[in-house]
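I have placed the structure first, in the form of structure tokens, so that the comments after it can refer back to it.
The values are calculated or read from the model by the stated rules, or taken from the named source; none is laboratory data. Not measured: the values here are computed from a predicted model. Using ideal geometry, Cβ is built from the backbone for each residue, glycine included, and neighbour counts are taken over all protein chains shown.
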Amino acid sequence: MPHPNIAASCSPSCLLLAVAVTFFSATASISHGAAHHARRVPAPPAACVARERDALLAFKQRVTTRDPESAISSWRRGEAAADCCQWDGVECDSRTGRVIGLDLANREFDGRTGVLDDQVSLVGDISRSLLSLEHLSDLQLGWNFLEGRTGRLPDFLGSFKRLESLGLTGIPFSGTVPPKLAK
């Protein structure tokens with residue numbers, strides 16, 4: 001609304017002009033604010049770090065599975081599958097693209113019978129290449145045959161700096177728990 005002094009000293013056409021200017025300047029201000037707000041679209045999630053993708057692929061080379069639907073079946077080289085943050089079982093920090101979680105626990109384990117089926121399990125060993133996942137905080141590998149040739153729990157699992165959760169339930173390891181892992 002125009003200032004009261006302008007309304008008193010202005011003709012009706014002058015008053016109409018003042019109201020129109022006030023209206024259009026308010027409308028322009030609102031639409032500018034909306035356009036400015038619309039430009040602040042959040043950035044898309046970061047793609048995975050190449051070195052970490054290579055570490056996951058090195059892990060995959062050390063295991064086998066007969067299950068074509070397993071999580072690692074989505075882990076492939078090539079442009080179409082280059083973003084390991086999109087792979088099954090892999091969780092990444094959306095800002096940095098760093099791998100923070102790896103969940104390859106066997107979901108097909110039948111807890112009622114206690115039978116671990118090697119047809120749907122990962123078989124092999126836990127590769128040291130996983131140490132390249134420097135931001136890994138959650139590693140779930142349970143109910144798979146990942147004891148390797150020695151059958152022992154790998155010492156290097158105690159070397160993860162940020163690991164908060166480690167799931168190895170049901171893997172038929174033998175021997176003692178390495179001191180580094182008991183921390």
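Some points to look at:
- Matching residues in the stretch 65-85 - criterion: being surrounded by 17 or more Cβ atoms within 10 Å (Cβ to Cβ), hydrophobic (A, V, I, L, M, F, W, C) and not in a helix (DSSP H, G or I): Trp75
- Positions within the stretch 86-144 being of a type in the set (A, V, I, L, M, F, W, C) and part of a helix (DSSP H, G or I), in sequence order: Leu130, Leu131
- Residues of the stretch 163-183 that are among the aliphatic types (A, V, I, L, M), touching an Asp or Glu at 6+ places or on another chain (Cβ under 7 Å) and in a strand (DSSP E or B): none at all.
- Test: residue in the stretch 98-115 that is modelled with pLDDT under 90, assigned by TED's automatic domain parsing to the domain that holds Arg162, touching a helix residue (DSSP H, G or I) at 6+ places or on another chain (Cβ under 9 Å) and farther than 17 Å from Gly170 by Cβ: no
- Scanning the stretch 145-162 for residues that are surrounded by 18 or more Cβ atoms within 10 Å (Cβ to Cβ), assigned to a loop (DSSP other than H, G, I, E, B) and either among the hydroxyl-bearing types (Ser, Thr, Tyr) or on the phi < 0 side of the Ramachandran plot (or both) returns Leu146, Leu153, Pro154, Phe160.
- Failed condition for Ser129, given (1) within 16 Å of Leu104 (Cβ to Cβ); (2) of a type outside the set (A, V, I, L, M, F, W, C); (3) surrounded by fewer than 17 Cβ atoms within 10 Å (Cβ to Cβ): (3)
- Yes/no for Phe145 being touching a strand residue (DSSP E or B) at 6+ places or on another chain (Cβ under 9 Å) and over 19 Å from Val49 (Cβ atoms): yes
- Considering (1) small (Gly, Ala, Ser); (2) within 21 Å of the chain's Cα centre (by Cα); (3) under 17 Å from Lys60 (Cβ atoms), the lone condition that Gly167 does not fulfil carries the number (3).
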